[in-house]
1. Quick query: amide H of Ala46 versus all other amide H atoms, modeled in the peptide plane; which residues come in under 5 Å with a sequence gap of 5 or more or a different chain?
2. Length gain on complete extension for the stretch Ser304 to His23, per 0.36 nm per residue less the alpha carbon to alpha carbon distance?
3. Taking segment 229-290, which GluC sites (Glu not before Pro) meet the DSSP loop condition and have no more than 10 other C-beta atoms within 10 Å?
4. Of the peptides 6-17, 314-325, how do they stack up when ordered by the mean number of other Cβ atoms within 10 Å, highest first?
5. By per-residue mean of other Cβ atoms within 10 Å, what is the highest-first order of 159-171, 208-220?
6. What is the order of Leu199, Leu155, fewest Cβ neighbours within 10 Å to most?
7. Residues with beta-carbon under 11 Å from that of Glu60, excluding Glu60: net charge, scoring Lys, Arg +1 and Asp, Glu -1?
8. Could you tally the net charge around Phe219, taking each other residue with its Cβ under 14 Å from the Cβ of Phe219, Lys/Arg +1 and Asp/Glu -1?
Amino acid sequence: MRDRVILHCDLNNFYASVEMLLHPELKGKPIAVCGDPEKRHGIVLAKSELAKAAGVKTAEAIWMAKKKCPGLITVPPTFSEYVKYSKQVKEIYLSYTSEVESFGLDECWLDVTGSRRLFGSGTDIAESIRRRVKEETGGLTVSVGVSFNKIFAKLGSDLKKPDAVTVIDRSNYRTVAWRLDVGEMLYIGHATREKLKSLGIKTIGDLANASDSLITSVFGKNGVKMLENARGENLDPVTSYTSSSLPESVGNGVTTPEDVKSQEEAARVIYSLGENVAFRLRGYGLKGETVAVDLRSSDLKHMSKQGKLDFPTDSADIISDFAAELVRSNYDFSAKKPLRTITLTVSGLSGAGDAMQGSLFEAEAERKEKLGRSIDNLRKKYGFGVLKRALNVSDDDRRGTDDGYIPFDRGHKKGTE
């Protein structure tokens, strides 16, 4: 079977780059997109190349980022503009192939195997995309990885930034991909990386050459997939745009810059995530019936809990209330370690116009859903931070909030966006 030609396109410093397009006076300066630039304990959501070079990291406290980079300029997120530019760039991708699979707002895989007669080689198409994105958006740049599968294409786009094309093919993947730290490979998180290193596996090449029995005995079915990915045997297809446009679930997750030590702190994070999940559900015209929370503690232990609502909804209040109760009922902060990562996911999706089973609470739910849609209209017009939930406003400054648009999506499940 002939190899496919897969591209992974990653918009460089996307959120910060969009802000510089919106505010040209910021160009050439180190900037960070933050939930609330006025608050000392706000979170860095994204950073520019200059801020990154100064050591600024995503999800760290603003005060820490400014200590590393004294000239750092902080700006609030403009979610509606990120969506607009993401759609514009996706239209460029779709002019080359219908097989375009989103991996968040700023990343996409493209299968251009059948497009080469029209547009040239995979590298030719990648270079064409790179030029067009810069020209047609007014300055956004994209890094593109070209390979024979999705995993190595993603590695390629990560290798050279910004505004670059990197090829990882059959002739060089052992020298290019296999020398990289094993943690650079997609789907290998911190805990898995540390466990692999305890087995003497430090690079992707080490994993590719590891014993099948060793890896599967430690990681089970996930180990089989890890081996396939490292060896270049991944055959996962790029889902076509038409079949991937509606997700099977919608989720947001965040690794907090400081440990979450109480139910109140957890609720603040959950309600921030819930706002964004509900916003995206309404954008898709969907409602969800199953709510799940995924928790990872500071000692890297993992717990997931889920439950079913009485009826499908796109209300942030209903989703967040239910998720917060899942945490309250199942996580004892006095007996367990603080939380490091919280992810909220809604599944069991149906169209917003589908018939809904009768409920005593339907009228209240409908009121909350209408309120959510009204808030969406305001946020699309004035930015995501125009309205803020009182729960997320600290006692020392009732004017602001640490949350905002959190561009973290840890689900990475098929059909999840």
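Where a number appears in this text, it was derived from the coordinates with a stated rule and is not lab data. Note that this is a predicted model, so its numbers are computed, not measured. Every residue, glycine as well, gets a Cβ built from its backbone with ideal geometry; the counts of neighbours run over all protein chains shown.
1. So Ala46 has HN proximity to Val33.
2. Full extension of this stretch gives 97.0 nm more.
3. none
4. 6-17, 314-325
5. Packing proxy ranking, top to bottom: 159-171, 208-220.
6. Listed from fewest to most nearby Cβ atoms, that is Leu199, Leu155.
7. +4
8. Neighbourhood net charge equals +2.
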